[in-house]
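See structure below.
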Amino acid sequence: MARNSEKAMTTLARWRAAHIDKGTEPERRPYLATECDDLHKSEKYRRQIIGEISRKVAQIQNAGLGEFRLRDLNDDINKLLREKGHWEDRIKELAGPDYRRVGPKMLDHEGKEVPGNKGYKYFGAAKDLPGVRELFEQEPPPPPRKTRAELMKDIDADYYGYRDEDDGVLVPLEQEQEKEAIAAKVAEWKEKKESTLSGDVQSETITTEEDIYAVEDNESGDEGPSAMDTGETPQQFMAHVPVPSQKEVEEALIRRKKMELLQRYASDSLRAEANEAKTLMGL
């Protein structure tokens, strides 16, 4: 008789074992990640999805597959990436590791997003498809314009420079620059004064300095020679606008006050009678 090991290696035995294996269907992945409550199964399904993505990414590198096949593969990869994200969220809900934070990002980084279209990525030869290359060449849309409230949100006293001198650095620098500027101006003034005294500058360009601290004779109270005594003609001032006197100003204020009181307390008939009386009196 043949041994048991030899019986198991016969063609009939292998054919029967293969049919027995086909009779047991493999466990299918749930359509929704929320339907799975087992952490180990969730991690197993996530690994299955990663394996499918890896195979499809390797296939999409072949540019000879044709445009339609490349587009289908690219769509399948994006769907699997979204499904992988759902399973990672489910694993986190089941007190598992956060793969979005600690997991590898190699599969995600191989894709390239179109500017302005966040979420959908192109992989491999799909980046060079007609119409896709032009999308990557376009400039990204301008950032949204900020409102006035957003611009004023971060503005404080530092923006207006109210606390610039509190650090003790700016004031010494300003004082140093001020001393240098004063010294430069004084040196320039002395040089100009020396050139003026030496006669290098022509006489018509020499201007005498004005003494801002000089006090006139009338202000000092001393009796000095007047314009009549010196024989000089006094300077005449002409007012181009008529200037009222103090009496005229007081009369105008009284008339204005009377008009305000009449408008506030007098009736229309009384004001009409007053106007008639003024007309008769010629006022």
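The values are calculated or read from the model by the stated rules, or taken from the named source; none is laboratory data. Because the structure is a prediction, the values reported are computed rather than measured. We place every Cβ from the backbone using ideal geometry, glycine too, and count neighbours over all the protein chains shown. In case anyone asks, the SASA skips ligands and DNA or RNA and just uses the protein heavy atoms, side chains included. Shrake-Rupley method; radii C 1.70, N 1.55, O 1.52, S 1.80 Å.
Rolling a 1.4 Å probe over the protein chains gives residue 197 an accessible area of about 140 Å².
What ranking, highest mean first, results for peptides 45-54, 29-38 when packing means the other Cβ atoms within 10 Å averaged over each residue? Can you show the working numbers first?
Values: 45-54: 17.4, 29-38: 12.5.
Final packing ranking: 45-54, 29-38.
From the alpha carbon centroid of the range 122-141 to that of the range 62-96 is 19 Å. When both the range 154-173 and the range 258-283 are represented by their alpha-carbon centers, they are found 64 Å apart. Rounded to whole numbers, the Karplus 3J(HN,Hα) couplings from phi for the range 78-87 are 5, 5, 5, 5, 5, 5, 4, x, 5, 5 Hz, using 6.51 cos²θ - 1.76 cosθ + 1.60 with θ = phi - 60°, and x at Gly and Pro.
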